[in-house]
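Visitor: There's a structure below that I have some questions on.
The values are calculated or read from the model by the stated rules, or taken from the named source; none is laboratory data. Since we're looking at a predicted model, the values are computed, not measured. When we count neighbours, we look across all protein chains shown, and the Cβ atoms used for this are built from the backbone with ideal geometry, even at glycine. To get the accessible areas, we keep the full protein, side chains included, count just its heavy atoms, and leave off ligands, DNA and RNA. Shrake-Rupley method; radii C 1.70, N 1.55, O 1.52, S 1.80 Å.
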Amino acid sequence: MKKLLFLLLILYAFKIKAQNKQILYNFAELPQTLLLNPASETNYKFHVGIPFLSNISTQTGSKGFVLSDIFAVDNRNINDKISEVISNLKTNDFIKFNTQIEVLSGGFRLNDKTYINLGFYEEIDAFGYFPKDILTLATEGNNAFINKNFRISQISYQLDVLGVLHAGFSKKIDEKLTLGARFKIYSSALNMQSTNNTGTFTTFESGNNLYTSYLNAVDLNARTSGLVNSETNQYIEDTSQYLKNTFFGDNLGLGFDVGFTYHMSPQLEISGSILDVGFINHKTNIKNTKVEGDFVYEGVNFTFDPDNPRNYWGEIDERLKEQLPITEDQESYISWRPTRINAALKYSFGERRSKVCYDNSFKDFYTDALGFQLHTVFRPLNPQLAFTGFYQKSITNKLHTKFTYTIDDLSFTNIGAGLSAQIWNVNFYGMVDNLLSYRNLSAANSLSLQVGFNLIFN
């Protein structure tokens with residue numbers, strides 16, 4: 001647990017985060033929009049992503065505190081600031097981070113109505129709630145919290161390092177409707193998770209200035225896959241082993257995405273998608289740890305007998321292991337991917353222009369668009385929602401911009417911007433979120449950056 005918390009803090013410090021890519025969604029017919037909605041419309045013959053550069057995204061988010069709450073230079077004692085941060089935490093406060101690197105990607109037009117796309121990307125994805133009660137007990141002790149139930153159930157986290165091989169298609173049903181789907185094969189290199197824990201720690205005054213502490217109905221589990229070698233029971237420290245296991249390792253899973261785009265009129269469009277409906281079966285290099293039981297600690301009543309000395313702490317330790325045993329096994333288990341849902345409504349207006357399509361025909365489009373998007377990702381305690389309003393502006397047929405304003409669990413002032421440009425067949429795009437936070441990064445609840453290069457052939 002200490003190693004996990006340390007890892008979360010380090011990754012938070014380097015700003016790596018969450019999964020809502022609201023700027024990219026249905027933006028400028030970029031090939032990468034197909035990863036967010038497999039039914040996004042395409043009007044080119046084929047595309048090839050520049051290996052390792054076609055899509056690099058790195059994002060971070062934290063609800064409950066920011067780095068400046070602890071490390072701001074304000075002449076306050078850091079221990080006091082840590083205590084204040086922990087005191088202000090709520091049950092549903094969390095930290096999350098996500099980074100993706102697209103290794104290979106490409107697509108081609110099968111016929112006038114169908115576009116095939118496929119690729120492979122590496123991903124690190126993590127989410128964890130802050131266990132306020134456990135942090136309070138560790139930093140403040142129980143002396144000031146007599147009769148308070150410290151809840152072990154607040155321990156809930158999941159960390160995944162995986163590779164994703166995928167293939168999908170978008171099919172134009174008619175002039176109004178486009179449908180799409182994507183099939184995914186997950187290859188997990190590392191999984192760490194602990195959910196559905198139960199139990200409490202409570203201290204009561206029992207008279208004569210004595211206290212009795214109770215661990216009640218404890219059921220604490222921690223599952224890991226790919227972290228410990230099953231044969232040697234040693235941590236896997238070889239980085240190349242993790243990279244190797246992201247491509248058809250032993251811990252595999254399946255998933256799919258589906259989506260649609262529908263034109264209610266030439267200027268009004270609605271779209272939506274469901275992403276990462278899938279699972280991973282972990283069966284190699286497993287180490288599961290479980291703590292279950294009850295324990296009562298009434299302190300130590302020392303007696304001095306030089307002829308018969310007692311090992312008090314040894315007796316307590318033995319009783320603890322007997323009543324609250326720690327068991328380990330290597331049983332396989334299944335982890336579920338965090339499913340996401342997107343929905344958007346867009347109204348196009350402004351100057352009406354035409355551009356050349358893959359079949360040398362011309363497609364009309366409007367230079368401006370307004371709309372909104374809803375995003376949901378399912379987490380252990382409750383779904384997390386985000387609402388985005390956006391404005392798109394096509395400066396030329398090859399130069400497009402998008403501006404967003406997002407309200408979510410992390411911020412009410414999240415302004416983002418994106419740019420997509422194409423010179424001959426080379427496409428470049430860049431997107432930055434939460435622009436106002438760049439004045440003081442240490443006070444930011446969330447940040448994101450996304451860039452990519454593609455070759456697009458009309």
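Visitor: Let me spell out the model: positive unit charges on the Cβ of Lys and Arg, negative unit charges on the Cβ of Asp and Glu, origin at the Cα centre of the chain. What dipole size does that give, in debye rounded to 20?
Guide: About 2060 debye.
Visitor: With label points built 7 Å along Cα→Cβ from the Cα atoms of Thr327 and Met264, find their separation and express it in nm.
Guide: My value for the distance between the label points is 5.6 nm.
Visitor: In addition: What's the local net charge at Ala181, with K and R +1, D and E -1, over the other residues with C-beta under 12 Å away?
Guide: The answer is +2.
Visitor: Whole number in Å², please: accessible area per residue of the range 78-193, 1.4 Å probe, ligands, DNA and RNA not counted.
Guide: Values: 4790 Å² over 116 residues.
Normalised by residue count, the accessible surface of the range 78-193 is 41 Å².
Visitor: Here's a follow-up. Lysine pairs in the range 329-416 with Cα distance under 13 Å, only those 8 or more apart or on different chains: how many are there? Let's see the in-between values first.
Guide: Values: Lys346/Lys393; Lys346/Lys402; Lys355/Lys363; Lys355/Lys398; Lys393/Lys402.
Lysine pair count for the range 329-416: 5.
Visitor: Sticking with this structure for a sec: Net charge near Thr42, counting Lys/Arg +1 and Asp/Glu -1 over other residues with Cβ under 9 Å of its Cβ?
Guide: Neighbourhood net charge equals -1.
Visitor: Could you state the angle between the C-alpha long axis of helix 2-13 and the longest principal axis of the C-alpha atoms of the chain, as a value from 0 to 90 degrees rounded to the nearest 10?
Guide: Once rounded, the angle reads 40 degrees.
Visitor: Pop a pseudo-label 7 angstrom from the Cα along the beta-carbon direction at both Ala217 and Thr289 and give the gap in nm to one decimal.
Guide: Output for this residue pair reads 2.5 nm.
Visitor: Where does the charge balance sit around Lys81 when Lys and Arg score +1, Asp and Glu -1, over other residues with C-beta under 12 Å from its C-beta?
Guide: Details: positive: Arg76; negative: Asp69, Asp74, Asp80, Glu84.
Net of charged neighbours comes to -3.
Visitor: Just the number please: accessible area per residue for the range 215-270, 1.4 Å probe, all protein chains included, in Å². List each step's numbers first, then the result.
Guide: Working: 3260 Å² over 56 residues.
Value for the range 215-270: 58 Å² per residue.
Visitor: Measure up Lys132/Lys290; Lys63/Lys283; Lys21/Lys184 against 25 Å on the Cα-Cα distance and list the ones that go over.
Guide: Values: Lys132/Lys290 21 Å; Lys63/Lys283 34 Å; Lys21/Lys184 19 Å.
Table pairs above 25 Å Cα-Cα are Lys63/Lys283.
Visitor: Each residue of the range 440-450 in turn: what ³J(HN,Hα) in whole Hz from Karplus with 6.51, -1.76, 1.60 and θ = phi - 60°, glycine and Pro shown as x?
Guide: Along the range 440-450, the couplings run 8, 4, 5, 9, 8, 7, 7, 8, 7, 9, 9 Hz.
Visitor: Given axes a ≥ b ≥ c from the Cα gyration tensor, I'd like to know whether the range 206-304 is rounded (a/c under 1.5), prolate (a/b larger than b/c) or oblate.
Guide: oblate
Visitor: Provide the solvent-accessible area of Glu315, counting protein heavy atoms only and rolling a 1.4 Å probe, rounded to the nearest 10 Å².
Guide: Roll a 1.4 Å probe over it and Glu315 shows about 80 Å².
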